[in-house]
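The numbers here are math on the coordinates, done by the rules we state, and not lab data. Just so it is clear, the model here is predicted, and its values are computed rather than measured. Note that we place each Cβ from the backbone using ideal geometry, even for glycine, and neighbour counts take in every protein chain shown.
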């Protein structure tokens, strides 16, 4: 059997391998460097430029210990979580928002301030002013984080697609530990084996190629949730795939929504009759109600014939518009490219499932997946501190999750033995990986997308669920995953990465359908036509899914 160096073009050895260079990945890498470990970030794009992170609005949740009431914050989060909150995880997270914002400030991010204090603005789901506003939004933040990881001597391996994890026993699922990953260059196809004491997944959430075919927002088509697939393949589990988030986005074109910042400044939602309908759903917070409430309201307006719904910011002051343009430039430019302006136009929005939610890879407080040597942080993980609604906010929560996972991975790496990679596993993996490039015939990625179009056309997975539609969705996804995807044919390395991402998307969508069937009640954005009421007597429980003999095992456990 050839050795590892004969099977791949490059071998990269490190203490901690971080897969993904967004908010969570950068914070994880910096935490591992604090422990004095060698750290590598592998990213499909340029670290700090890919994924959803550069598109965040600049609204960062911030607990001010000088003026905020911790008990009110805590109760607000519990209320929004609707009974599915992991209170131990939540308790530590609120004060950590302070650390994240202050660290970003110290590293060079610019925030709106007055007399040296952060100007706090209201956000979605809040009764109080809970957000510090970062000028220039996520683009500035990720530029600062990229500079910080380079300054701290983190090695960046960019424009590579990590195809899967490697294990010390050569098995998936493993009975031993994760000891690295196999990747290929998106430009040249060169194979790289990463050998690491600890591996940390920070690949982001599900906004991938199939997203628009199933009614999930497609903000970043390259985000196919590969980290979730990799964790499942080696023996990890996912939690709460039935409780996906919902969000709202422009109806007629694709861009990050920017709604949190706009609602914080006072933008309104109007139905087709010009009515501000949110007063019927949350008279106090109106458009700043929890996102799940806003999305349910929009869906109801559309179903009852009062759609489309419009976001109206035309009444905002000149100062407010300037703040929006400064904090969320990517969204404003996207509107301009569609010949729209927040100053003069009401913009049609729609409510849909969000790939970033309280669903994902099961981890503990340290980011440990339960598979030895494998950690995860950020948007691809579960968020039991949220319950059904994200009050803490995606960006800060990803930073906290990444930092915690980086700390957990560092502690593991400091005690771990030297990693071993089984060359036989690499050889088999390599053959499977490259086989779509060698096929003379087969289905292409667009063909697979066409196969799953019934998911959207028939609303098989959506804001309103029925057992018949969920059963059909699960059967369709399983069939495509097992019978169609293995025959996929590609002609270049970029499309190969897309084909690999399709497996991840199919797995996650199948888990969403299966867990949606399993939860026989309605809670949060999970609404069952046949079980329209919340059922605390039976369903103060989290749902879980794992791969078992090619199929999917579903179970539930009580909230702790």
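A few notes on this one:
- Residue 475-residue 253 FRET efficiency (beta carbon distance; Förster radius 35 Å; 0.05 resolution): 0.60
- Per-residue ellipticity at 222 nm computed for the chain from its helices equals -11500 deg cm²/dmol, with DSSP H segments shorter than 4 residues left out and the rest contributing -39,500 (n - 2.57).
- Angle of helix 467-479 to the longest C-alpha principal axis of the chain, folded into 0 to 90 degrees and rounded to 10: 30°.
- Highest-first arrangement of 384-391, 19-26, where packing means the average Cβ count within 10 Å: 19-26, 384-391
- Between 0 and 90°, nearest 10: helix 70-81 axis offset from the chain longest Cα axis: 80 degrees
- Taking 0.36 nm per residue of separation and subtracting the Cα-Cα distance, full extension of the segment from residue 115 to residue 415 would add 103.3 nm.
- Theoretical gain in end-to-end length, residue 6 to residue 441 [0.36 nm per residue, Cα-Cα removed]: 153.7 nm
- Using the Cβ-Cβ distance between residue 553 and residue 432 with R0 = 22 Å, the FRET efficiency computed as 1/(1 + (r/R0)^6) comes to roughly 0.40.
- Label zone at residue 537, where the point sits 7 Å out along the Cα-to-Cβ direction: region 73-106 residues whose backbone N lies under 20 Å: 83-84
- Ranked by the mean number of other Cβ atoms within 10 Å of their residues, highest first, the peptides 29-40, 186-197 come out as 29-40, 186-197.
- Nearest-ten-degree value, helix 493-518 long axis tilted from longest Cα axis of the chain: 60 degrees
- Contour excess over end-to-end distance, with Cα ends at residue 88 and residue 13 and 0.36 nm allotted per residue: 23.4 nm
- Normalised by the number of residues in the chain, the mean separation of alpha-carbon contacts (under 8 Å, six or more apart) gives a relative contact order of 22 percent.
- Residue 325-residue 276 FRET efficiency (beta carbon distance; Förster radius 30 Å; 0.05 resolution): 0.80
- Sorted peptide list for 64-71, 82-89, 6-13, 291-298, criterion being average Cβ within 10 angstrom, highest first: 291-298, 82-89, 6-13, 64-71
- Look at where the Cα atoms of region 1-63 and of region 513-560 average out, and the two centres are 33 Å apart.
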